[in-house]
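Asks: Below is the structure I would like to discuss, written out as structure tokens.
The values are calculated or read from the model by the stated rules, or taken from the named source; none is laboratory data. Predicted, not measured: the structure shown is a model, and the values here were computed from it. For neighbour counting, all protein chains shown are included, and Cβ atoms are generated from backbone atoms with ideal geometry for every residue, glycine included. For the accessible areas, the whole protein counts, side chains as well, though only heavy atoms, and no ligand, DNA or RNA atoms are used. Shrake-Rupley method; radii C 1.70, N 1.55, O 1.52, S 1.80 Å.
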Amino acid sequence: MRLFLDTANLDEIREGVSWGVVSGVTTNPSLVAKEGHADFHGFIRTLAGLVPGPVNAEVVATEAEGMVREARALAALGENVVIKVPMGKEGLKATRALREEGIPVNVTLAFSPNQALLASLAGATYVSPFLGRLDDVGHDGMQVVRDTVEIFSLYGLDTYVLAASIRHPLHVTEAALAGADIATMPFKVLEQMLRHPLTDLGLERFLDDWRSLEQARPAPVGRDARRGARRS
Ligand code: E4P
């Protein structure tokens, strides 16, 4: 199970990578616009140098030819750049063409196991079921992840299942239990995964007990005491 950050905020990415647990990043046009990265290519180049694994950059063309053109330019920005292509007829055509050129694709905006199956058959390296957005409209997003993992395993399909649109730490646990290869999440969720009130309480108690031990230590006598007095 690998963890990716789903953000275009460079400070968050630097911080997550420094913890040694983030091995990739996903971005999308909304996240890039939110951070105001007007020089999109410059931003992806910076990201590619910062992150130890895949850096996902999404195309915005709506027909296959344009998607492939954008993808080639983005893939040239770093060896670890993965191209996000939206689910749909044009996306599938672009995925097949890019596969043949050896450019890895993440088919995004997948909301059903059938869409995930199509993405895999078209040659996607990753497929991203958006589980939070399904939950938002009253569907069981995690079931799509479970079914996709099962279908891929039944037929030996080698596309990675990237659980996306994660909203809280329980989504990460459930995606891991469902067999998702990767979970991509906002930085806030990564921070929430780190915390537990019993960890904070336990650490506070350990440190209090240690301080009380230090206070209970016998005062220095003789030469040690004189040395201490001279120092103060
Ligand atoms: C994944 O690659 C997407 O960028 C992301 O997970 C979408 O999440 P959202 O539904 O929170 O926008």
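Asks: What percent of all Cα-Cα pairs in region 110-232 falls in each 10 Å bin, counting up from 0?
Replies: 12, 29, 17, 10, 9, 9, 8, 6, 0
Asks: By accessible area of protein heavy atoms, probe 1.4 Å, what ranking do Y126, Y155, Y160 get, highest first? Intermediate results must be reported in sequence, preceding the final value.
Replies: Values: Y126 15, Y155 165, Y160 90 Å².
Heavy-atom accessible area, descending, gives Y155, Y160, Y126.
Asks: Just reorder E65, E191 by solvent-accessible area, largest first, 1.4 Å probe, all chains present.
Replies: Working: E65 130, E191 60 Å².
Correct descending sequence by accessible area is E65, E191.
Asks: Then there's this: How much accessible surface area, in Å² rounded to 10, belongs to the heavy atoms of V59 with a 1.4 Å probe?
Replies: That residue has around 10 Å² of solvent-accessible surface.
Asks: L157 accessible area, nearest 10 Å², 1.4 Å probe?
Replies: Near enough 40 Å² of accessible area.
Asks: Using only the alpha carbons of region 1-104, what is the convex hull's orientation-averaged projected area in square nanometres? Spell out each step's value before the answer.
Replies: Values: hull surface 25.7 nm².
Dividing the Cα hull surface by four gives the mean projection, 6.4 nm².
Asks: Moving on to the next point. So what is the 222 nm mean residue ellipticity for the chain from helices alone, if each DSSP H run of at least 4 adds -39500 (n - 2.57) and you divide by all residues, rounding to the nearest 500 deg cm²/dmol?
Replies: Helix-only estimate at 222 nm: -16500 deg cm²/dmol.
Asks: How big is the Kirkwood radius of region 56-164, worked out from every pair of different alpha carbons and given in Å to one decimal?
Replies: Numbers: mean 1/r = 0.0729 Å⁻¹.
Kirkwood radius, region 56-164: 13.7 Å.
Asks: What is the Å³ per residue value for the convex hull set by the Cα atoms of the chain? Working shown, then result.
Replies: Values: hull volume 43.1 nm³, N = 232.
Enclosed volume per residue, from the Cα hull, is 186 Å³.
Asks: With a Cα-only, solvent-free Debye model of region 1-41, what are the log10 I(q)/I(0) values at q = 0.16, 0.23 Å⁻¹?
Replies: The Debye formula, applied to the Cα set alone, gives -0.40, -0.74.
Asks: What percent do you get for the relative contact order of the chain when only Cα pairs under 8 Å and 6+ apart count?
Replies: On the way: 380 pairs, mean separation 36.8, N = 232.
With pairs under 8 Å counted, the relative contact order is 16 percent.
Asks: Where the only charges are on Cβ atoms (+1 Lys, Arg; -1 Asp, Glu), what is the dipole of region 36-143 about its Cα centre, to the nearest 20 debye? Please list the in-between numbers first.
Replies: Working: 9 positive and 12 negative charges, 40 e Å.
Dipole magnitude for region 36-143 comes out near 200 debye.
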